[in-house]
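This report refers to the structure that appears directly beneath it.
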Amino acid sequence: MSLIPDGEVLFRYAKPNAFPEGQSELPTGIFQDPNLSCDWKKFRMDPYSSFHIQEGKSVVVLINVCDDIRNPKNPKRKGEIVDDWKQEIFHDPITKEDDPIHGANGAHSLIRGKKKKAVVDALIANSDFYQRT
Amino acid sequence: MEVNTSTSIFDKKQAPFIFIIPTDEETENTEVYDREQTPVIDTSAFQLNLDNIYKRKIEDNYNDFLKSRIEYLESLKNLGDNWITGDSKQPSLKSIEKAKNLLDLVIKNLIEKNFSLPRILMSPIPTGGISFDLRFDVDNSILFTIHDDENIEMECERDGEYNEVVEVDTSIISGLFSDYLREYELDTRWRSFV
């Protein structure tokens, strides 16, 4: 398992109709996944080359890997690291055998750990998004 | 030198202010007279009118928001699975209904306590269910997560400090939520003094 260092960028894709019209900020819900699946930019320079785009997931979320996500604190920013909230961020390539429908995905990566509010808030604070029109 | 002793609020030289015309109902029995027996409208009627306008505006904002979000929650019945990277499920019908009721309860509480509409961010959750996050300011927020198994979790952030996750029953949410709002309001008032 190779850990993804700070400063790297991960992509996550979502369908636009999952969100209320006019909501212009990232909602908490999209990160509430103990095994948060994404693609590492190092192995997918162009986020639009993903099969997710063809499936209509045109909202692209960019996650900037950093220590605030890896080791969330309580109170946030200035408190102590909470062991239970720690996240493992690692490269997890998918083979053709793993996913016969979409094929191999060498960029696939995971952010693994409980997604308590503190963790999700750290993810939101270090993410951005845009939609392909 | 001629001194203008007029106290009429209709004298534009003396009282240049924005004029709001109250409705007949609001001005009923409020006509009073100044020293020169010129009829004027009691300013308390204006204040009452402003308060009413403000309150109506807040309620309109809330009602518009609630209507749009109820429509959104309804639309999630057609979202389908696979809506985000990784395994992702459409929220169950029960979790959608529960989210609608909870949002209604939260909005009613906010109106009752005269709170301005906070930012409320909503979406499904990949494991099945819905969450919404009420963001009062950068360090104060509440997250409600309604899981497909109908469990509801409430996580609070106060001044950047997170509480334990609490699994809650709808019957006690109103009380917990009111406590949070009261403490937040007291803190806000305190901060405005110091």
- In segment B:160-190, the residues that are within 11 Å of another protein chain (Cβ to nearest Cβ) and buried (at least 17 other Cβ atoms within 10 Å of the Cβ): B:160, B:162
- Task: Consider only pairs whose beta carbons are under 7 Å apart and that are at least six residues apart or on different chains; among these, list those whose first residue lies in segment B:65-86 and is without any contact (Cβ under 8 Å) to a residue 24 or more places away in the chain and whose second residue is among the hydroxyl-bearing types (Ser, Thr, Tyr).
- Result: B:81/B:88; B:82/B:88; B:85/A:13; B:85/A:37
- Query: For residue B:157, all conditions in the list (1) without any contact (Cβ under 8 Å) to a residue 40 or more places away in the chain; (2) open to solvent by 20 Å² or more (accessible area, probe 1.4 Å) hold save one; what is the number of the exception?
  - Reply: (2)
- Note on the structure: Restricting segment B:108-126 to residues that are touching a residue at least 40 places away in the same chain (Cβ under 8 Å) and within 14 Å of chain A (Cβ to nearest Cβ), the one surrounded by the fewest Cβ atoms within 10 Å (Cβ to Cβ) turns out to be B:117
- Query: Could you list, in sequence order, the residues of segment A:107-118 that are assigned to a loop (DSSP other than H, G, I, E, B) and more than 17 Å from residue A:5 (Cα to Cα)?
  - Reply: A:114, A:115, A:116
- Residue that is farthest from the chain's Cα centre (by Cα) [pool: residues in segment A:60-79 that are in contact (Cβ under 8 Å) with a residue 60 or more places away in the chain and more than 9 Å from chain B (Cβ to nearest Cβ)]: A:67
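Listed here are the residues, each with its yes/no results for (1) touching a residue at least 40 places away in the same chain (Cβ under 8 Å); (2) part of a loop (DSSP other than H, G, I, E, B); (3) within 12 Å of chain B (Cβ to nearest Cβ).
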{"site": "A:7", "(1), (2), (3)": "yes, yes, no"}
{"site": "A:36", "(1), (2), (3)": "yes, no, yes"}
{"site": "A:39", "(1), (2), (3)": "yes, no, yes"}
{"site": "A:42", "(1), (2), (3)": "yes, no, no"}
{"site": "A:52", "(1), (2), (3)": "no, no, yes"}
{"site": "A:84", "(1), (2), (3)": "no, no, yes"}
- Query: Pairs, please: C-beta under 9 Å, at least 6 apart or cross-chain, first residue away from every other protein chain (no Cβ under 12 Å) and in segment B:88-105, second hydroxyl-bearing (Ser, Thr, Tyr)?
  - Reply: B:98/B:170; B:101/B:170; B:102/B:170; B:105/B:170; B:105/B:174
- Go through segment B:127-140 residue by residue and tally those that are surrounded by fewer than 24 Cβ atoms within 10 Å (Cβ to Cβ), facing another protein chain (nearest Cβ under 10 Å) and either under 24 Å from the mean Cα position of the chain (by Cα) or among the basic types (Lys, Arg) (or both). 4
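The values are calculated or read from the model by the stated rules, or taken from the named source; none is laboratory data. Note that the structure is predicted; figures quoted are calculated from it, not measured. Cβ: placed from backbone, ideal geometry, glycine included. Neighbour counts: every protein chain shown. All accessible areas refer to the heavy atoms of the entire protein, side chains included, with ligands and DNA or RNA removed. Shrake-Rupley method; radii C 1.70, N 1.55, O 1.52, S 1.80 Å.
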